[in-house]
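Coordinate-derived values only; no laboratory data. Quantities reported herein were computed from a predicted structural model and do not represent experimental measurements. Positions of Cβ are generated from backbone atoms using ideal geometry, with glycine treated the same way; all protein chains shown enter the neighbour counts.
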Amino acid sequence: MKKTLISASVASVLTLVSFATLAEGPSFYGRLDLSVTNSDEGTTTQNGKEGTVFENNFSNLGVKGSEKISNGIELLYQMEFQVESTTQNDEVFKARNTFLGLKSDAGTVLVGRNDTVFKQSEGGIDLFGNSNADIDRLVDDQDRVADGVWYYSPMIGGLVTLNATYLMDGNYEDSDEDQYALSATIGDKGLKAHPYYLAAAYNTINGTDSYRGVAQVKLGDFKVGGLFQNTESQTTDQEGDSFLVNVSYNLNGVNLKAEYGQDDAGYGKYFKNSVSNAGSVTGTDVNVTQITVGADYRVSKSTLLYGHYAMYEGDHKVALAKIDLEDDNIFTVGVRYDF
């Protein structure tokens with residue numbers, strides 16, 4: 001069975017390579033991101049394990065492209081798969097952003113599986129994204145969803161974009177609420193066309209109502225940013241605020257980064273995993289603090305070396321008794337290769 005699975009995986013990769021080689025439109029791409037991590041509690045590691053572990057940070061394979069089908073209309077497509085074969089995981093492939101779409105002067109419409117526009121509103125604020133210090137360790141609603149429709153307006157006045165995600169009711173019969181997300185962005189998330197990025201977003205997907213504001217600005221070699229989010233359950237009284245601020249500085253090609261965050265909502269992965277590991281229940285008066293410092297260096301256009309230290313601590317109340325969460329200290333070094 002394992003030989004058959006490995007053979008099928010290799011055949012799939014070779015087919016994609018051949019397809020990308022022979023066809024002019026589609027482009028084959030991928031990422032291999034591996035790190036070595038030491039964690040006191042394993043509350044934020046990708047596999048939930050403490051001690052020294054290897055982490056596979058969302059390595060993936062994909063193919064994407066576009067094709068003009070009439071004057072002013074382009075067909076867009078993407079198929080992307082997460083690859084887990086470098087670590088102990090029986091599920092070699094997982095679904096990632098896969099969709100068909102149309103692009104015209106009226107905007108872009110996508111159908112399929114994709115990150116919600118609420119998640120996308122983060123822009124470039126997530127300095128440690130796709131690692132054990134991703135912002136989803138502190139905040140909720142960083143969702144990739146299927147059976148949805150996405151709309152992105154053309155840039156209005158060369159500055160503003162309006163965006164929406166809507167999930168089809170028939171595919172989510174267990175939900176009593178319409179599931180959608182909205183966002184408005186100003187500037188450039190890459191901080192290239194404009195040295196600033198602003199976003200406001202609203203989300204009703206996956207059982208919460210959430211509001212988010214994001215701001216980031218480039219000042220010479222510095223990038224300074226912040227995120228604020230309010231998250232409220234649609235079925236319980238759980239509600240609270242989260243925020244983070246960060247800064248990065250380019251020192252002769254070495255990107256130095258620091259981030260500070262607080263959360264009293266209790267929806268982030270650190271809090272959820274800490275409570276679960278302790279065999280406890282989610283309490284009230286949640287208080288979580290996160291500090292992360294790190295650096296990365298691009299050895300070449302395709303290869304990035306990185307490392308960081310993250311500290312998480314917090315507490316909550318259960319039946320009026322204050323319960324301290326286990327502090328978690330996480331040290332990580334890794335390499336990312338894009339092709």
(message) Quick test of your reading of the structure: Tyr202 fulfils all but one of (1) surrounded by 18 or more Cβ atoms within 10 Å (Cβ to Cβ); (2) not in a loop (DSSP other than H, G, I, E, B). Name the failing condition by number.
(response) (1)
(message) Looking at segment 295-327 only, could you name the residues that are touching a helix residue (DSSP H, G or I) at 6+ places or on another chain (Cβ under 7 Å), part of a strand (DSSP E or B) and closer than 23 Å to Phe54 by Cβ?
(response) Tyr312
(request) Please indicate, with yes or no, whether at least one residue in segment 282-294 is assigned to a strand (DSSP E or B), out of contact with any His (no Cβ under 8 Å at 6 or more places or on another chain) and in contact (Cβ under 8 Å) with a residue 60 or more places away in the chain. (result) yes
(request) Select from segment 56-104 the residues that are within 17 Å of the chain's Cα centre (by Cα) and touching a residue at least 60 places away in the same chain (Cβ under 8 Å) and write down the one among them that is farthest from Val335 (Cα to Cα). (result) Phe58
(request) Go through segment 283-311 and give me each residue that's buried (at least 17 other Cβ atoms within 10 Å of the Cβ) and over 17 Å from Asn130 (Cα atoms). (result) Gly283, Val286, Asn287, Val288
(message) I need the full set of residues from segment 40-73 which are over 25 Å from Lys269 (Cβ atoms) and exposed (fewer than 15 other Cβ atoms within 10 Å of the Cβ), in order please.
(response) Glu67, Lys68, Ile69, Ser70, Asn71, Gly72, Ile73
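Listed here are the residues, each with its yes/no results for (1) in contact with a strand residue (DSSP E or B) (Cβ under 8 Å, 6 or more places away or on another chain); (2) farther than 17 Å from Phe118 by Cα; (3) in contact (Cβ under 8 Å) with a residue 24 or more places away in the chain.
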position: Pro154; (1), (2), (3): yes, yes, yes
position: Gly157; (1), (2), (3): no, yes, no
position: Val160; (1), (2), (3): yes, no, yes
position: Ala164; (1), (2), (3): yes, no, yes
position: Gln179; (1), (2), (3): yes, no, yes
position: Thr185; (1), (2), (3): yes, no, yes
position: Asp188; (1), (2), (3): yes, no, no
(request) Mind listing whichever residues of segment 270-325 are acidic (Asp, Glu) and within 20 Å of the chain's Cα centre (by Cα)? (result) Asp296
